[in-house]
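Chemist: Sharing a structure with you now.
Every number here is computed from the coordinates shown, using simple stated rules; none is lab data. If you're wondering where the values come from, they're calculated on a predicted model, not measured in any experiment. We place every Cβ from the backbone using ideal geometry, glycine too, and count neighbours over all the protein chains shown.
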There are 2 protein chains.
Amino acid sequence: MELTGLSFLGTRRGSGDGAGFQAFNPQTGEALPPVYHAASAAEVDAAVQLAAEAFASYSQTSGRARAAFLRRAADGFEAHKQALAERAHLETALPMPRLLGEVGRTAGQLRMFAGVVEEGSWVQARIDPALPDRQPMPRPDLRSMLRALGPVVVFGASNFPLAFSVAGGDTASALAAGCPVVVKAHPAHPGTSEMAAMILSEAVAAEGLHPGVFTMVFDAGIEAGAALVRHPLTRAVAFTGSLRAGRALMDLAAARPDPIPCFTEMSSGNPVFVLPGALRKGPAALAATVFGSFTLGAGQFCTKPGIVLVPEAPEGQAFLDELKALVEKASPFTLLTPGIAREYGRATEVRAAENPAAAQAALPEDAMGCMAGAKLFTVGLDEFLGRPALAEEIFGPDTLLVHCNRTEDYVRAARALEGHLTATLLGDENDLAANAELIKVLEQKAGRLIFNAMPTGVEVTHAMVHGGPYPATSDPRFTSVGSLAIYRFARPVCFQGFPEATLPPELQDANPLGIRRLRDGKPETH
Amino acid sequence: MELTGLSFLGTRRGSGDGAGFQAFNPQTGEALPPVYHAASAAEVDAAVQLAAEAFASYSQTSGRARAAFLRRAADGFEAHKQALAERAHLETALPMPRLLGEVGRTAGQLRMFAGVVEEGSWVQARIDPALPDRQPMPRPDLRSMLRALGPVVVFGASNFPLAFSVAGGDTASALAAGCPVVVKAHPAHPGTSEMAAMILSEAVAAEGLHPGVFTMVFDAGIEAGAALVRHPLTRAVAFTGSLRAGRALMDLAAARPDPIPCFTEMSSGNPVFVLPGALRKGPAALAATVFGSFTLGAGQFCTKPGIVLVPEAPEGQAFLDELKALVEKASPFTLLTPGIAREYGRATEVRAAENPAAAQAALPEDAMGCMAGAKLFTVGLDEFLGRPALAEEIFGPDTLLVHCNRTEDYVRAARALEGHLTATLLGDENDLAANAELIKVLEQKAGRLIFNAMPTGVEVTHAMVHGGPYPATSDPRFTSVGSLAIYRFARPVCFQGFPEATLPPELQDANPLGIRRLRDGKPETH
């Protein structure tokens, strides 16, 4: 797979005229060839125009046709697994096993959505037959189903160069729904992005789809992304990244002459509530589990546990001591970009200045620009509640321990939380019974409640919810992971009084696709 | 039902200190007692605080309990049918039969949602069981379902004083989802609003629910509404009304520190495409049908056909002549408020000035401030496409005929349309076959496509979609009418690894509620 540095505009590639930029190896600081070229305003426009053109035919393809396309793309990822992971490793410093796994996950997501749209019931077909004899007026025949929303702009994420990027969950779910996708590649891993785009483009061509079904633009700055969100033909946006960038995109989408749905997954502290049963099982094991989770992927996970609440108790202190020891002896981590490392340094220094008891891993004198040490901060509950900035996410291998006198204080802490992707309870079943109120409060604060596991590790399944109230995401009614993610990119359309032959097959009486449907609100019997 | 003029704040009523206003009888101009009092900022805050308090218990009630509550409210509407319609008639000048029907529809909507939540499958329960032996890592048990979003602010609409107001579809769907509702009563029908609020409040009390489940504030200005949308505890907004007001609410919701979902149903021209088969059936009958639809409810329907496309043809001219005759001899209409009548006058005068061929009904010399005549404007397709202002909705009994040379031009016209609630095709099955491309384009422009019926008349069923791309609504992924409307006010929550006994009944293995669920993405077998 030869890299060119040029944007993907259907059957052609972008020009090499735009401002150049390169990926950097975070471990060595060396620039990685080739030079990538920012898409011009005209190229950004061309990408969305192509997507809108493609929408006319692609939105009308069958679930089976889209499944074949998604599976072909998945095959492509599996065929290039090693090359993808190697390039991603150079660009992100994430370990090879993790990246090989991420390629598999990317292919798996594409296959999951292929299964969903091939089966077809996801469109939620509903049929309310005519009632010609109803008084005082006959009822017309009404049939509705979900249809694709239109061209979707997807922003690649820095922390998952494959599974949340060019062909990640956002792209897979939008393509599955019948929406062409325009990707804004993340500038920290352009080579991985180009390889992924080649695989997708080849699948588009091989399946005979309109070349505008998938396009991708490069840009190291914010111009191309902003232009994509503002473009009149863009119908929805999906983004995973920082609160600052995500909110900026939300504001752009909301300020359009015609506001459009903008799903941004942004910022989450993923609070962990340690209950007595968990401490009783042994503070050392618990400390190792927590440490492993908040440093996984160098702490660059959306679901990193950045807030850990522990009760003051003999075991609470032991847990803290164990955790401190793990942090202090931790090897340095390599973060994704110098920018992320700088921001991690800045944010943790602010926190450390106010927190003399903080534990920090040492860094070598000659640490490169992307290196960072694990850090552990501790704070009392009242101070935590009094200073909302303490709840703000820091991206990197740190966490904040919040000491509570008693677990009864947890409800108060939970009520003060903003939205998070996850909330975790560690303990035994007696703890759960004693904390029913806490669970109810947390249900309102997070998209996923977890019992006795760490929040890192997001399964791609039908029941997964990777979402939550703001600032975790822009809209708590949706998820960006799991098969429910497709519902971000579809809208219901109702057909009233149309003859059978002119209806989409999903709505024809004969049900040629054999999907599950509701008739007068009840499941059809076969 | 004695009217007091005071806001509803749980077990107490608002003060009489706020600025006073009264309803006016649009037919006579007389002020209707009592004086209504604007809610103070403190009262607005109290209403939302109460709703948030109520949320803790109300969101956890069973579907059965909520169904009992909704049915009790429906009973109340039916018991007070005559009184409600009479007061609404005084406040809106809408005809009694229509208003009696609207009370029935209001009760019917409450009962429909009662049925939906009592049955329970609407929560979309999904279970992905643990796979303890999966390699390389076990899969945890994941279960998700929809949960209530939080306190919802509902704005009463002027044009449906019952079915889209205090206890209308927005309120019914939010209450069904488990969300407390704070209503901002529409100042044009405060008496009808107070009566509806009394019925709802009595149902809340009789069912032993938290008094904050339903609250309502009065205000003739915009302060209370803006404060409700800005309130930190408000979790969603629902509104039906003008584009200007709806967009202002969208912007307020989007500008919050934590943006919230804001569903606004605003503006729609509901284009009607007349195809040859419809003209062949007789221009006179067609003209009567079109006239009846755009003047129904004095043209104050969200689904009023404000744009009618006709081909130049002998029958086209005959149709126009018939329609002109109907308009010119039409009796005057009484609009809902002087403000609506003024705006109708202003907007139609602008259009008439550019359209000397316009047909207008005469108004009596002594016409009251709310009176308005039917109006018919005509324009050629090129002028229509060149002047986007012509596609803007005018609220009242007018329509715009767009002449096309040939029906082949319809695709071009359709492509230029913004979002609408509906798009209608009138013709025969041959016309449909000849216009497959038109249908595909219209699918992207409207929430409901109609064949051979007028768009006015929105059935409340499971397949209904009363939504559409902006500016028809703020978010085309939702509907405000029909049982799908509940999905505006719910969000998925995933429970990972929770023991059976601590799960909501909807997610327990035993399925005690007997709802439809997905297990590993497939329907459970019973």
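Chemist: Compute the distance in nm between two label points, each set 7 Å from the Cα along the Cα-to-Cβ direction, one at A:Met1 and one at B:Thr11.
Modeler: Result: 6.6 nm between the two label points.
Chemist: Let me ask something else. Can you list, bin by bin at 10 Å, the percent of alpha carbon pairs in the range A:1-135, starting at 0?
Modeler: 11, 23, 31, 22, 7, 4, 3, 1
Chemist: Let me ask something additional. Provide an ascending nm list, one decimal, of label-point separations from B:Glu223 to the equivalent residue in each further copy; define each label point as 7 Å from Cα along Cα→Cβ.
Modeler: Spelled out, the distances from B:Glu223's label point are 4.8 nm.
Chemist: Separate question: Under a crude label model (7 Å from the Cα following the beta-carbon direction), how far is A:Arg415 from A:Glu437 in nanometres?
Modeler: A separation of 0.8 nm, rounded to one decimal place.
Chemist: Give me the net charge of A:Ala88's neighbourhood, meaning all other residues with Cβ under 12 Å from the Cβ of A:Ala88; Lys, Arg count +1, Asp, Glu -1.
Modeler: Working: positive: A:Lys81, A:Arg87, A:Arg98; negative: A:Glu86, A:Glu91, A:Glu102, A:Glu194.
Spelling it out: positives minus negatives among the neighbours equals -1.
Chemist: Which number do you get for Rg(Cα) / (2.2 N^0.38 Å) in the range A:104-158? Could you put the intermediate results ahead of the total?
Modeler: Details: Rg = 19.1 Å, N = 55, 2.2 N^0.38 = 10.1 Å.
Cα Rg divided by the expected 2.2 N^0.38 Å: 1.89.
Chemist: Of B:Lys184/B:Lys445; B:Lys304/B:Lys440; A:Lys81/B:Lys522, which pairs sit farther than 24 Å apart, going by alpha carbon to alpha carbon?
Modeler: Working: B:Lys184/B:Lys445 30 Å; B:Lys304/B:Lys440 22 Å; A:Lys81/B:Lys522 30 Å.
Among B:Lys184/B:Lys445; B:Lys304/B:Lys440; A:Lys81/B:Lys522, the Cα-Cα distance tops 24 Å for B:Lys184/B:Lys445; A:Lys81/B:Lys522.
Chemist: Another one. Please list 3J(HN,Hα) in residue order for the range B:387-404, calculated via the Karplus relation 6.51 cos²θ - 1.76 cosθ + 1.60 where θ = phi - 60°; whole Hz, with x for glycine and proline.
Modeler: Working through the residues one at a time gives 10, x, 4, 5, 8, 6, 5, 10, 8, x, x, 10, 8, 10, 8, 10, 7, 10 Hz.
Chemist: Follow-up question, since we're still on this one. Report the charge-dipole magnitude of the range A:170-322 in Debye, nearest 20, computed about the Cα centre from +1 at each Lys and Arg Cβ and -1 at each Asp and Glu Cβ. Walk me through the numbers on the way to the answer.
Modeler: On the way: 9 positive and 13 negative charges, 55 e Å.
Roughly 260 debye for the range A:170-322.
Chemist: Could you give me D for the range A:402-526, from Stokes-Einstein at 20 °C and 1.002 mPa s, where the hydrodynamic radius is the Kirkwood radius over C-alpha pairs? Units µm² s⁻¹, please. Intermediate results must be reported in sequence, preceding the final value.
Modeler: Values: Rh = 18.0 Å.
The Stokes-Einstein estimate is 119 µm²/s.
Chemist: Here's another thing I want to ask about it. Just report the Cα centroid separation between the range B:448-493 and the range B:58-102, whole Å.
Modeler: So the separation of the two Cα centres works out to 21 Å.
Chemist: Measuring from the axis that superposes chain B on chain A, report the chain B residue with the minimal C-beta distance, rounded to whole Å.
Modeler: Residue with the nearest Cβ, plus whole-Å distance, for chain B: B:Ala254, 2.
Chemist: I need the Kirkwood Rh of the range A:1-73: take the reciprocal of the average 1/r across all distinct C-alpha pairs and report it in angstrom. Please report the intermediate quantities before stating the final value.
Modeler: Working: mean 1/r = 0.0676 Å⁻¹.
After inverting the mean inverse Cα-Cα distance, the result is 14.8 Å.
Chemist: Can you give the translational diffusion coefficient of the range A:194-251 in µm²/s, computed by Stokes-Einstein from the Kirkwood radius over Cα pairs at 25 °C and 0.890 mPa s? Provide the component values of the computation, followed by the final result.
Modeler: Working: Rh = 13.3 Å.
Estimated via Stokes-Einstein, D reaches 184 µm²/s.
Chemist: Roughly how far apart, in whole Å, are the Cα centres of the range A:298-362 and the range B:190-219?
Modeler: Centre-to-centre distance over Cα atoms comes out at 51 Å.
Chemist: Suppose a student asked you for the relative contact order of the range A:436-484, using Cα pairs under 8 Å spaced at least 6 residues apart; what percent would you report?
Modeler: On the way: 66 pairs, mean separation 16.1, N = 49.
Normalised by residue count, the contact order of the range A:436-484 is 33 percent.
Chemist: I need the inter-copy label distances for A:Ala416: point set 7 Å along Cα to C-beta, values in nm with one decimal, smallest first.
Modeler: Computed spacing set for this position: 5.9 nm.
Chemist: Measuring from label point to label point, each 7 Å out along Cα→Cβ, what is the A:Ala501 to B:Ser62 span in nm?
Modeler: Label-label distance for A:Ala501 and B:Ser62, simple model: 5.1 nm.
Chemist: Given contacts defined as C-alpha pairs under 8 Å and at least six residues apart, what's the relative contact order of chain B, whole-number percent?
Modeler: Working: 1214 pairs, mean separation 90.4, N = 526.
That works out to 17 percent.
Chemist: Between A:Asp75 and A:Glu202, what is 0.36 nm times their sequence separation minus the Cα-Cα distance? Round to one decimal in nm.
Modeler: Values: separation 127, 0.36 × 127 = 45.72 nm, distance 1.11 nm.
Here the answer is 44.6 nm.
Chemist: Report Rg(Cα)/(2.2 N^0.38 Å) for the range B:312-404, keeping two decimals.
Modeler: Working: Rg = 13.6 Å, N = 93, 2.2 N^0.38 = 12.3 Å.
The value comes to 1.11.
Chemist: How far apart are the A:Pro388 label points across copies, placing each 7 Å from Cα toward Cβ, in nm, shortest first?
Modeler: 3.7
Chemist: Once both axes come from the Cα atoms, what is the angle between helix A:41-58 and the longest principal axis of chain A, in degrees from 0 to 90, rounded to 10?
Modeler: 60 degrees
Chemist: On full extension of the chain, what length is gained from B:Ala226 through B:Ala245, given 0.36 nm per residue of separation minus the C-alpha to C-alpha distance?
Modeler: Values: separation 19, 0.36 × 19 = 6.84 nm, distance 1.05 nm.
So the extension gain works out to 5.8 nm.
Chemist: If the viscosity is 0.692 mPa s and the temperature 37 °C, what Stokes-Einstein diffusion coefficient in µm²/s follows for the protein assembly as shown when Rh is the Kirkwood radius over Cα pairs? Let's see the in-between values first.
Modeler: Numbers: Rh = 30.1 Å.
Calculated translational D: 109 µm²/s.
Chemist: For B:Phe218, what charge total do you get from the other residues with a beta carbon under 13 Å from its beta carbon, if Lys and Arg give +1 and Asp and Glu give -1?
Modeler: Details: positive: B:Arg13, B:Lys184; negative: B:Asp17, B:Glu43, B:Glu194, B:Asp219, B:Glu223.
Here the count lands on -3.
Chemist: Taking each residue of B:450-463 in turn, how many C-beta atoms of other protein chains fall within 10 Å of its C-beta, and what is the average?
Modeler: Values: counts 7, 8, 5, 5, 0, 1, 0, 4, 1, 9, 0, 11, 10, 21.
So the per-residue partner count for this stretch is 6.
Chemist: What Kirkwood Rh does the range B:137-281 have if only Cα atoms enter the pairwise 1/r average? Answer in Å.
Modeler: Details: mean 1/r = 0.0592 Å⁻¹.
Evaluated over the range B:137-281, this radius sits at 16.9 Å.
Chemist: Using only the Cα atoms of chain B, what do you get for the radius of gyration and for Dmax, in Å?
Modeler: Looking at chain B, its Cα Rg and Dmax stand at 24.6, 86 Å.
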